[in-house]
Amino acid sequence: MGKKMEERKHALLSASSAKKWLYCTPSAVLEESMPDVESDYAKEGTLAHAICELKLNRLFVDRNMSDRTYKSRLKKLQGEELYQAEMESYTDEYVDYVSSISFEFPHAPFVAVEKRLDYSPWAPEGFGTGDCIIIYGNDMHIIDFKYGMGVPVKAENNPQMALYGLGAWNEYKMLFTIENVHFHIVQPRIRNYSLWTTTRKDLLDWGDSFVKPRSALAYKGEGEFSPGSYCKEGFCKVYGRCRATADMHMSLMDEALDKATDQIRKPPLLSNEEVGSILKRAQFLKDWVGKLEAYAQGELLKGQDVPGWKLVEGRSNRELTNPDQVFAGLMAAGYEEAVLYTKKPIPLGELEKLIPKEQRGKLLTPYIIKPQGKPTLAPADDKRPAINIGSRAEEAFGGKNTYKEEK
């Protein structure tokens, strides 16, 4: 189950952290000295990947696998502490996606599952594990399963996927004449399916002209620290303590203070241009401060000193030591059950877990709507389209004003 996770742990220039070491080249060596902390979310994802691997192997690789063997192996995975019944439907969606690609060809394609991919010709000692590779004719498909529910992952210009593509081409170039490479992201828990196609030539040009020189710096721990969105997205282990990140964020003080007088700059109101500029630079400030606080708290919990800070008892709410006994006593005293308990429907997400996939179309799907979300601030380069303020205002007040004053 932990094959992919273990491989990533031992690859300095791993594919999963590619965006970090490609753009902030010294980060890989700096992080190497920090201990690995595997979250429950990561363990959950590893388990879901193991279920995917079993299902795909039975379908494409080991077709002689007996039902007994399959059920035995699946039962073992289902016995893991982090297993949840919903994993079955989400992994089935991934398998269905892979099957839809495979079965569209007139003959059976080549399929590899959980394949170790070596991209060391472009990044020293670089390797990773591709979830699924399909090759037919001149086309190669790289399919990556994401079990996370955070930010939707895009296939387009995704360096992790591109490194998998280089490794797969390196592995199979003597067997297949690959001209086109199709990258797929399958993130079923948030219904995110992303596809990006490029040519073998463009992929190799990227590897030679961009990855090689950047990876050479990263492997030696050289180059310039360059904070960016990938610090948070790539779970940088030193994000909270990074001096380059601190310098970037603390430079925002220059926008507010006059260094000569150490006073707030005048005039007191910022222009819209200044607001836009500051927000663009500060969009990751809140998350970074949270990381900094978490690090300080962790040090204090270990008995270390963080000057100017201490641990105090946080706020807590009162609770019953034995709710069942208390409520039983209240009902015995004459209080009605309807007064003591509230009844409300379970959330939609929990409801979907209860209903089998084949029954949702009839019992649930026709009654699901997705209302428009509230207006949310986003950078101008965000891929979501800007909303029409006029139309949203009309909707908020019940549509166009049809009131007419009586004469």
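The values are calculated or read from the model by the stated rules, or taken from the named source; none is laboratory data. What you see is a predicted model; the values in this text were computed from it and never measured. Cβ placement follows ideal geometry from the backbone for every residue including glycine, while neighbour counts extend to all protein chains displayed. Side chains included, ligands, DNA and RNA excluded: accessible areas come from the protein's heavy atoms. Shrake-Rupley method; radii C 1.70, N 1.55, O 1.52, S 1.80 Å.
For this structure, a couple of remarks:
- Relative to the compact-globule estimate of 2.2 N^0.38 Å, the Cα radius of gyration of region 72-116 comes out at 1.48.
- Per residue, in Å², the accessible surface of region 269-332 once ligands and nucleic acids are set aside, probe 1.4 Å: 89 Å²
- Taking 25 Å as the limit for the C-alpha separation, the pairs Lys232/Lys353; Lys280/Lys383; Lys55/Lys76 exceed it in the case of Lys232/Lys353.
- For region 194-202, the Karplus equation 6.51 cos²θ - 1.76 cosθ + 1.60, evaluated at θ = phi - 60°, returns couplings of 10, 9, 9, 10, 9, 9, 4, 4, 5 Hz by residue, with Gly and Pro reported as x.
- Structure remark: mean-square fluctuation, Gaussian network model of the chain, C-alpha springs under 10 Å; the largest value among His184, His141, His249 belongs to His249.
- The Cα center of region 168-186 and the Cα center of region 35-76 differ in position by 24 Å.
- Square roots of five times the Cα gyration tensor eigenvalues for the chain, Å: 39, 36, 28
- Taking all pairs of distinct alpha-carbon atoms in region 58-161, Kirkwood radius in angstrom: 16.1 Å
- Where only DSSP H runs of four or more residues are counted, the chain gives -12500 deg cm²/dmol as its mean residue ellipticity at 222 nm, each run worth -39500 (n - 2.57).
- Relative contact order (percent, whole number), the chain, Cα cutoff 8 Å, 6+ residue spacing: 16 percent
- Solvent-accessible heavy-atom area per residue, rounded to whole Å², over region 1-146 at 1.4 Å: 48 Å²
- If only the Cβ of Lys and Arg carry +1 and only the Cβ of Asp and Glu carry -1, the dipole of the chain around its Cα centre is close to 400 debye.
- By accessible area with a 1.4 Å probe, ligands and nucleic acids excluded, highest first: order of Met161, Met174, Met149, Met331: Met174, Met149, Met331, Met161
- Carbon/sulfur fraction of accessible area - the chain, other protein chains in place, 1.4 Å, %: 54 percent
- Average Cα contact separation per residue, region 99-217, under 8 Å, 6 or more apart, as relative contact order %: 25 percent
- Under-5 Å amide H pairs with Asn192, H placed in peptide plane, nonlocal only: Gln187
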